[in-house]
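The values are calculated or read from the model by the stated rules, or taken from the named source; none is laboratory data. All figures in this text were calculated on a predicted structure; none of them were measured in a lab. Here the Cβ positions follow ideal geometry from the backbone for every residue, glycine too, while neighbour counts run over all protein chains shown.
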Amino acid sequence: MAILITEAQNRAREKSMWENEFSKNKDKYRPETLSLNLGYEAKLSEGSVKVPIFMTSTFEFESAEHGKRFFEYAYGLKKRGVKEDPGLIYSRINNPNLQIFEERIAAWDGTEKGAVFSSGMSAITTTILALCQPGDVIMASSPVYGGSYYFFTHILPKFGIEVASYVSADDTASKMEKDLVGKYKDKVKMIFLETPANPSNVLVDIESMAKLKKHKSDLIIAVDNTFLGPVFQKPKDFGADLIIYSATKFIGGHSDLIAGVVTGSEKLMESVSGYRTILGSMANPFTGWMLLRSLETLSIRMERQAKNALEIAKLLKSHKNVTSVTYPGLLEDGDSQKEIFDKQCSGFGAVISFDVKGGEKEAFKVLDNLKIFRLAVSLGGTESLAEHPMRMTHSDVPPEHLDIIGVHESTLRLSVGIEHIEDLKEDLDNALSLIG
């Protein structure tokens, strides 16, 4: 449990932290409740109902012996007991705002431990560098976010780590299994999945991927859960070992912070957290505090956004100037993607990909004439956003690869916000009608 301390409260803190109702009975409460209560005792912070901001670089030790013990735990020189306080040292190592958020987001995912980072990309890069080494192979679904693709393609090879990408189709698992037992054999360390994929919204069957561990017990299944998690998709329930987020998106939810998150088992997260300490890729205390604020309304925001997005997707599907729409809420019975969705998802999310009649010129005309939808990258904020993946978020991905994954000059991506649905529909219809 994360700790808010003053020296005078140290002894009371050590006793009370393990008697906290929400820590003792975590399984009794649902994530929406834990995200407002877990990890914090108001009486240890002057009765403040909300977690204060701990804007400090360093923390004072009660004694030299405490300082010695805290560093032994922090650097793995000594194992601490289950109920033993790891101690606050330095905000690059630990900070109350970060620790409380980490406990609460791990509770959402149903995992043992979380770690918050300075960005989604720092979460991905730190995790992979912590768990993979030269000679290892990573199998990745495709498409993935443009930043991830760049890291996989241009940076990891410099460290001797190879990434093999596969189109996210029905036979993704069978393709990976073939190479897992054949071409790469014992070299595969991690399977990296992004589901739904950015920007195509294609789903990957997490459970089928997790079954590949029968060939290699130490295989790590990592899932970028940014689009639907943690509210509408829980990868751990289907065998994922690590769950990764760009917390900038839905978790932060207000387009006013940059952060990333990884949650997973204590064993894996110990390595990830250790690398985070040395690489310095943690978030700052103020970002941790803002994430705590955002987590409290996460399910409410995502549910409203998904409700709006479904209405927008229906409008696009019937619009004369739209040729195709990809959105989980439009999947039909008999479609293998619908089977995957029904098994592992509980909501549609707020991201829509669609193609307009024409090409880049027509797509740009739509973007330039939107009034409520803002022309900006990123997603998951309370405001609605629109962008052109080929020329913006995925501009570093080769055109031939984009064509394979269904991203064209005519493709637009929407992140639907919480504005009034009728205003959003009118705005989009007006912009689309200009290309007719």
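If the condition is being surrounded by fewer than 24 Cβ atoms within 10 Å (Cβ to Cβ) and under 19 Å from the mean Cα position of the chain (by Cα), then the range 390-416 contributes only T393.
Among the residues of the range 348-356, is any assigned to a loop (DSSP other than H, G, I, E, B) and not aromatic (F, W, Y)?
Among the residues of the range 348-356, at least one is assigned to a loop (DSSP other than H, G, I, E, B) and not aromatic (F, W, Y), which makes the answer yes.
K361 meets the conditions (1) within 19 Å of the chain's Cα centre (by Cα); (2) surrounded by fewer than 18 Cβ atoms within 10 Å (Cβ to Cβ) in every case but one. The failed one is (1).
The C-beta contact set for the range 219-230 (first residue part of a loop (DSSP other than H, G, I, E, B), second residue among the acidic types (D, E), distance under 6 angstrom, 6+ apart or interchain) comprises P230/D109. Which residue is farthest from T297 (Cα to Cα), if the candidates are limited to the range 196-218 and must be under 16 Å from the mean Cα position of the chain (by Cα) and in a loop (DSSP other than H, G, I, E, B)? Looking at the filtered set, the residue picked out is V204. If you scan the range 398-419, which residues turn out to be without any contact (Cβ under 8 Å) to a residue 60 or more places away in the chain and β-branched (V, I, T)? Listed by number, the list is empty, since nothing qualifies. For the range 104-126, state whether one or more residues are touching a Leu at 6+ places or on another chain (Cβ under 7 Å), closer than 30 Å to N198 by Cβ and of a type in the set (S, T, N, Q). Yes, the conditions are met somewhere in the range 104-126.
Can L424 be described as closer than 30 Å to I300 by Cβ, of a type outside the set (D, E, K, R), in the same structural domain as S324 (by TED's automatic domain parsing) and part of a helix (DSSP H, G or I)? So L424 passes the test. Checking R293 against (1) surrounded by fewer than 20 Cβ atoms within 10 Å (Cβ to Cβ); (2) touching a Phe, Trp or Tyr at 6+ places or on another chain (Cβ under 8 Å), only one condition comes out false. Which one? All conditions pass for R293, except number (2).
Restricting the range 251-303 to residues that are free of Cβ contacts under 8 Å to residues at least 40 places away in the same chain and of a type outside the set (D, E, K, R), which is farthest from F232 (Cα to Cα)? Filtering the range 251-303 for residues that are free of Cβ contacts under 8 Å to residues at least 40 places away in the same chain and of a type outside the set (D, E, K, R), the one farthest from F232 (Cα to Cα) comes out as I278. Whether a residue is surrounded by fewer than 22 Cβ atoms within 10 Å (Cβ to Cβ) and either of a type in the set (S, T, Y) or in a loop (DSSP other than H, G, I, E, B) (or both) was assessed, and E383 passes this test.
Where helices (runs of 4 or more DSSP H) fall entirely within the range 1-87, those with at least 1 residues that are at pLDDT 85 or above and surrounded by fewer than 16 Cβ atoms within 10 Å (Cβ to Cβ) are at 31-37, 64-74.
Counting only helices (runs of 4 or more DSSP H) that fall entirely inside the range 92-194 and contain at least 3 residues that are buried (at least 17 other Cβ atoms within 10 Å of the Cβ) and β-branched (V, I, T), the qualifying elements are 120-131.
Looking at the range 275-287, can you tell me whether even one residue there is among the basic types (K, R) and either surrounded by 22 or more Cβ atoms within 10 Å (Cβ to Cβ) or closer than 16 Å to E103 by Cα (or both)? Please lay out each step first, then the result.
Applying the first criterion (among the basic types (K, R)) to the range 275-287 yields 276.
From what is left, the residues that are either surrounded by 22 or more Cβ atoms within 10 Å (Cβ to Cβ) or closer than 16 Å to E103 by Cα (or both) are 276.
Yes, the range 275-287 contains at least one residue that is among the basic types (K, R) and either surrounded by 22 or more Cβ atoms within 10 Å (Cβ to Cβ) or closer than 16 Å to E103 by Cα (or both).
Scanning the range 275-287 for residues that are in contact with a helix residue (DSSP H, G or I) (Cβ under 7 Å, 6 or more places away or on another chain) and more than 11 Å from G252 (Cβ to Cβ) yields a count of 6.
Would you confirm, using the coordinates I've provided, whether K113 is of a type in the set (K, R), farther than 23 Å from D224 by Cα and in contact with a helix residue (DSSP H, G or I) (Cβ under 6 Å, 6 or more places away or on another chain)? Spell out the reasoning first.
Numbers: of a type in the set (K, R): yes; farther than 23 Å from D224 by Cα: no; in contact with a helix residue (DSSP H, G or I) (Cβ under 6 Å, 6 or more places away or on another chain): yes.
It is false that K113 is of a type in the set (K, R), farther than 23 Å from D224 by Cα and in contact with a helix residue (DSSP H, G or I) (Cβ under 6 Å, 6 or more places away or on another chain).
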